[in-house]
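Heads up, the thing below is written out as structure tokens.
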Amino acid sequence: MTRTIVQMAVLAIVLVLAQVVCSKIIILNVATPIVFIYLILRMPMNWHANITMTVGFLVGLLVDIFNNTPGMNALSCTVLAAVRHTVFNAYVPREEEMAEPIPSVDSLGLAVYFKYMFTLVLIYCTLLFFIQAFTLRDVLLTLARIAASAVLTAVLLLGVDSLVSTRREKGL
């Protein structure tokens, strides 16, 4: 348990610093990579909802502080942490079948993990960009930002997951 907490703390620091750099990247004025939400997706499923929501809020608040966005990421991360378990149960009905309570490609398989991850990324991007726009005036641009950022983020998070997987998970 202590090892998992230390790993999550180190992962949080690395991902928040990576997000500070990635926030400056905007591809074709629509796609923004969002890598720090991988921490929320990776949290063990046996952690209590209060812990995950608190961690989600704090990580979102850190990104808000560095990016000068007033609470947008904190709100989106808190909602993401709140619905994470429900989305997980929609794709994986029984948690007992998992060898390890940490969602990853290795523990769930690529198809199930991708559905779980992409659903949460889409929820996060929808919340963030509608809060950021705060209007329905340019709804097509907002929808384009949601779609492009969700696809870019999903691809990046699959790469991050392959890097973060432990040696035991990789079978080495």
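No value in this document is a laboratory result; all are computed from the given coordinates. Values in this document were obtained by computation on a predicted structure and should not be read as measured data. Positions of Cβ are generated from backbone atoms using ideal geometry, with glycine treated the same way; all protein chains shown enter the neighbour counts.
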Counting Lys and Arg as +1 and Asp and Glu as -1, each charge on the Cβ, what is the dipole of region 2-170 about the Cα centre in debye, to the nearest 20? 220 debye
Which Cα, out of Thr86, Thr69, Thr54, lies furthest along the positive dipole direction of the chain (beta carbon charges, K/R +1, D/E -1)? Thr69
How many Å³ per residue does the convex hull of the Cα positions in the chain occupy? 115 Å³
Fewest-first sequence of Ser23, Ser162 by Cβ atoms within 10 Å of each Cβ: Ser162, Ser23
Would you calculate a helix-derived [θ] at 222 nm for the chain, using -39,500 (n - 2.57) for each DSSP H run of n ≥ 4 and dividing by the full residue count, to the nearest 500? -23500 deg cm²/dmol
